[in-house]
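The values are calculated or read from the model by the stated rules, or taken from the named source; none is laboratory data. None of these values were measured; they are calculated from a predicted model. Cβ: placed from backbone, ideal geometry, glycine included. Neighbour counts: every protein chain shown.
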């Protein structure tokens with residue numbers, strides 16, 4: 001997060017030669033104007049001591065240079081203000097105002113009539129000062145549609161008639177009516193916790209107006225599309241399925257397998273394609289819970305919805321994973337299942353759904369979630385889908401090990417049968433309770449959100465509850481959290497505490513192809529309480545499985561003196577520019593082998609270091625000089641396509657051979673695209689490379705990379721060839737980009753990047 005800081009005193013003066021926030025006060029209202037680049041959005045926080053800061057909800061979020069005012073802010077003898085950059089469109093601290101307009105007054109009838117078919121009606125959408133014409137709108141949901149009143153959940157396709165239309169890079173909006181939730185906050189609270197640990201849609205709050213009429217407060221949830229996949233996985237080249245809700249019902253405890261627990265003869269379903277004896281199907285059958293249904297693809301097509309197909313044979317990957325999960329012998333299970341499932345992600349996913357008592361969940365229904373096959377690692381990752389059924393009042397005493405013996409929930413029963421995985425799952429629950437799901441943190445968050453929406457709640461003409469019911473539901477939610485928190489903390493296994501990991505070294509100068517030593521300090525009252533200690537490491541972060549290395553306190557592993565509570569191990573050398581991720585696990589000697597992790601978030605927020613380059617980037621003869629990540633009309637390639645492009649500039653006085661150099665938009669993979677042989681750039685010259693995933697269009701005269709640029713911002717690097725040690729020659733991080741506006745260096749200042757008029761193939765203006 002970036003902050004701009006100013007101070008407001010009784011004299012109404014800001015400190016600093018050029019204050020970042022312009023402040024005026026006319027005796028009745030305060031006005032603040034933040035400086036900065038045009039597309040930066042800010043919220044305002046206030047403090048009386050420069051230590052404790054509080055979001056001032058009366059000062060609305062604004063873009064740089066815009067004005068926000070408040071009559072509610074009370075000025076004391078010393079009040080300090082700062083502007084904090086928001087997290088974008090889905091920041092829950094920002095109440096988004098969305099105005100929809102349709103021709104005529106029959107839009108309710110039109111949306112109702114088209115619900116069954118999913119057909120969209122066309123209208124316009126206004127957000128801030130921008131109007132997008134030709135957006136597609138439809139009602140969405142199942143229970144939230146059939147059982148709700150006048151307010152229905154809404155899906156908006158911003159790109160229905162204009163494929164380049166978006167808001168902050170998002171082309172689809174999901175506005176959920178929060179059916180059954182009189183707080184209107186449960187989904188937002190849940191998703192904004194869950195996204196910290198696993199792939200989860202971002203969620204904020206929106207007020208929707210239709211044809212000038214207030215339609216109330218909605219949960220504003222990110223679409224589970226490429227924007228979500230790219231955020232968590234850097235690329236969107238894997239297959240994706242949804243495990244949808246079924247048409248039946250069940251209690252989650254039934255057994256759909258034949259008597260004896262085995263698969264039907266020959267695997268899959270019994271002859272005739274029906275369910276095995278005893279099966280009722282429906283929500284709780286487990287059919288969509290990664291059960292092995294045999295090798296017949298049709299059995300899986302009947303249960304899962306293929307949302308994105310990026311491989312030649314996506315179903316084979318799903319079938320193989322379910323086969324390994326369900327049928328691998330116990331003595332081989334741990335090694336084999338980690339090859340097909342992202343274990344740490346699944347354990348976080350299960351822990352979060354259980355702690356938050358999410359009814360639309362794997363543990364309850366065995367469905368209502370998404371699965372992503374990540375092709376580089378060959379593993380399945382879970383993605384949360386629905387959050388409107390979290391915080392179930394009838395599940396405050398939900399057993400954290402529910403379904404551990406239910407073979408129709410194999411992700412639960414199989415994974416938690418492995419002692420190491422069970423302890424990791426328990427550690428994740430402890431972390432969630434400590435960091436997020438506890439009364440102090442959650443109550444503060446709830447009160448904050450209430451301040452943001454309470455005025456809009458009062459003005460909502462179609463809400464199906466009173467303001468008093470809203471307030472009482474908020475208090476009920478707080479009591480639910482307290483009850484759930486106390487119950488879990490009192491659970492015998494959860495209450496066990498493992499060794500306390502105090503700290504670990506963070507390497508500062510790891511060099512290419514040299515081992516890097518890691519030390520960890522562990523505190524315990526009795527040295528014998530520390531059992532095994534392990535170092536997990538990988539150059540791929542969330543993507544590839546981590547390699548496990550045991551750590552020792554024997555004085556022989558660069559760990560200091562033997563038996564001093566400091567453990568050591570080494571990470572093998574990697575090429576220059578590689579980003580290496582690592583974390584620590586310490587197990588106790590008690591019967592349970594209780595585990596602790598550092599950082600506690602494990603693979604969700606591992607420690608990292610970058611293998612240093614001998615090269616000083618600013619001395620590179622070739623630099624990334626300019627780029628365009630949102631090109632609709634400014635410049636086209638030889639095929640008349642307006643694609644993303646990158647401009648390299650040779651600052652030297654001699655021609656540079658670029659054969660084998662690398663460009664990448666993935667910080668974890670700096671060698672993503674190799675510049676073809678016989679590619680060069682003349683002295684003082686410029687080279688355009690099209691970032692369009694069209695390598696088949698490469699010629700000697702025109703180059704096309706195997707990746708595209710993100711208009712919402714990302715990383716970009718230039719790396720020297722293998723024979724020169726893969727040195728990072730240049731790298732940048734850029735933010736949100738405007739259509740047909742480039743982003744380039746304002747030379748001679750090498751570090752000064754600005755938005756500018758595109759000048760492909762020539763000096764920046």
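Criterion applied to 432, 474, 453, 481 was being farther than 20 Å from residue 592 by Cα, assigned to a helix (DSSP H, G or I) and in contact with a strand residue (DSSP E or B) (Cβ under 9 Å, 6 or more places away or on another chain), and the one residue passing it is 453. Can residue 412 be described as out of contact with any strand residue (DSSP E or B) (no Cβ under 8 Å at 6 or more places or on another chain), assigned by TED's automatic domain parsing to the domain that holds residue 322, within 30 Å of residue 228 (Cα to Cα) and not in a loop (DSSP other than H, G, I, E, B)? Judged against the criteria, residue 412 is a match.
Residues of region 635-644 include none that is touching a residue at least 12 places away in the same chain (Cβ under 8 Å), closer than 14 Å to residue 727 by Cα and touching a strand residue (DSSP E or B) at 6+ places or on another chain (Cβ under 6 Å). Filtering region 710-721 for residues that are under 21 Å from residue 758 (Cα atoms) and in contact with a helix residue (DSSP H, G or I) (Cβ under 6 Å, 6 or more places away or on another chain) leaves an empty set. Taking the conditions exactly as written (out of contact with any helix residue (DSSP H, G or I) (no Cβ under 6 Å at 6 or more places or on another chain), at pLDDT below 90 and outside the structural domain of residue 636 (by TED's automatic domain parsing)), does residue 765 satisfy them or not? Judged against the criteria, residue 765 is a match.
Among the residues that make up region 735-742, is at least one of them without any contact (Cβ under 8 Å) to a residue 24 or more places away in the chain and more than 21 Å from residue 227 (Cα to Cα)? Step through it out loud before you land on a result.
Keep residues of region 735-742 that are without any contact (Cβ under 8 Å) to a residue 24 or more places away in the chain, which gives none.
No: region 735-742 contains no residue that is without any contact (Cβ under 8 Å) to a residue 24 or more places away in the chain and more than 21 Å from residue 227 (Cα to Cα).
Out of 148, 153, 144, report the one residue that is touching a residue at least 60 places away in the same chain (Cβ under 8 Å), under 31 Å from the mean Cα position of the chain (by Cα), within 19 Å of residue 181 (Cα to Cα) and surrounded by fewer than 19 Cβ atoms within 10 Å (Cβ to Cβ). Don't jump to the end; show me each part of the working.
Numbers: 153 fails: surrounded by fewer than 19 Cβ atoms within 10 Å (Cβ to Cβ); 144 fails: surrounded by fewer than 19 Cβ atoms within 10 Å (Cβ to Cβ).
Step by step, each of 148, 153, 144 is checked, and only 148 is touching a residue at least 60 places away in the same chain (Cβ under 8 Å), under 31 Å from the mean Cα position of the chain (by Cα), within 19 Å of residue 181 (Cα to Cα) and surrounded by fewer than 19 Cβ atoms within 10 Å (Cβ to Cβ).
Any idea how many residues of region 479-496 are surrounded by 14 or more Cβ atoms within 10 Å (Cβ to Cβ) and at pLDDT 95 or above? Even if it seems obvious, please write down each step before you answer.
At the first step, the residues of region 479-496 found to be surrounded by 14 or more Cβ atoms within 10 Å (Cβ to Cβ) are 480-485, 487-489, 491, 493-494, 496.
Right, trim to at pLDDT 95 or above and you get 480-485, 487-489, 491, 493-494.
So the count comes out to 12.
With respect to residue 363, is the statement that it is outside the structural domain of residue 175 (by TED's automatic domain parsing) and modelled with pLDDT of 95 or more true? Considered against the rule, which asks whether it is outside the structural domain of residue 175 (by TED's automatic domain parsing) and modelled with pLDDT of 95 or more, residue 363 comes out as no. Out of 352, 318, 325, one residue alone is touching a residue at least 40 places away in the same chain (Cβ under 8 Å), within 21 Å of residue 184 (Cα to Cα) and assigned to a helix (DSSP H, G or I). It is 352. Kindly indicate whether residue 311 is in contact with a helix residue (DSSP H, G or I) (Cβ under 8 Å, 6 or more places away or on another chain) and modelled with pLDDT under 95. In short, yes. Look at (1) over 16 Å from residue 20 (Cα atoms); (2) not in a loop (DSSP other than H, G, I, E, B) and you find that residue 52 fails only one, number (2). Pairing each residue of region 471-486 that is closer than 21 Å to residue 456 by Cβ with any residue that is not in a helix (DSSP H, G or I), provided the two are 6+ apart or on different chains, yields C-beta distances under 6 Å for 473/182; 473/183; 474/183; 477/183. Would you point out which residue out of 121, 79, 51 is within 17 Å of residue 155 (Cα to Cα) and either touching a strand residue (DSSP E or B) at 6+ places or on another chain (Cβ under 8 Å) or surrounded by fewer than 18 Cβ atoms within 10 Å (Cβ to Cβ) (or both)? Just a single option satisfies the conditions, and that option is 121.
Name the residues in region 120-145 that are farther than 20 Å from residue 461 by Cα, modelled with pLDDT under 95 and not in a strand (DSSP E or B), would you?
As a first pass, look at region 120-145 and keep what is farther than 20 Å from residue 461 by Cα: 120-138, 140-143.
Subsequent filtering for residues that are modelled with pLDDT under 95 retains 128-130, 140-143.
Correct list: 128, 129, 140, 141, 142, 143.
Does residue 293 satisfy being touching a helix residue (DSSP H, G or I) at 6+ places or on another chain (Cβ under 9 Å), at pLDDT 95 or above, part of a loop (DSSP other than H, G, I, E, B) and not assigned by TED's automatic domain parsing to the domain that holds residue 548? Taking the combined requirement at face value, the residue satisfies it.
Take residue 449 and tell me if it is in contact (Cβ under 8 Å) with a residue 24 or more places away in the chain, touching a helix residue (DSSP H, G or I) at 6+ places or on another chain (Cβ under 6 Å) and outside the structural domain of residue 584 (by TED's automatic domain parsing). No; evaluated as a whole, the condition is false for this residue.
Among the residues of region 160-184, the ones that are out of contact with any strand residue (DSSP E or B) (no Cβ under 8 Å at 6 or more places or on another chain) and either closer than 20 Å to residue 61 by Cβ or assigned by TED's automatic domain parsing to the domain that holds residue 739 (or both) come to 3 in all. State whether the residues of region 607-622 include one that is over 26 Å from the mean Cα position of the chain (by Cα), within 30 Å of residue 738 (Cβ to Cβ) and assigned to a strand (DSSP E or B). The answer is yes; a qualifying residue exists.
Regarding region 205-222, can at least one residue be identified that is closer than 24 Å to residue 541 by Cα and either more than 12 Å from the chain's Cα centre (by Cα) or not in a loop (DSSP other than H, G, I, E, B) (or both)? It would help to see each step written out before you state the result.
Kept after step one, since they are closer than 24 Å to residue 541 by Cα, are these residues of region 205-222: 222.
Within this subset, residues satisfying the condition of being either more than 12 Å from the chain's Cα centre (by Cα) or not in a loop (DSSP other than H, G, I, E, B) (or both) are 222.
Yes; the residues of region 205-222 include at least one that is closer than 24 Å to residue 541 by Cα and either more than 12 Å from the chain's Cα centre (by Cα) or not in a loop (DSSP other than H, G, I, E, B) (or both).
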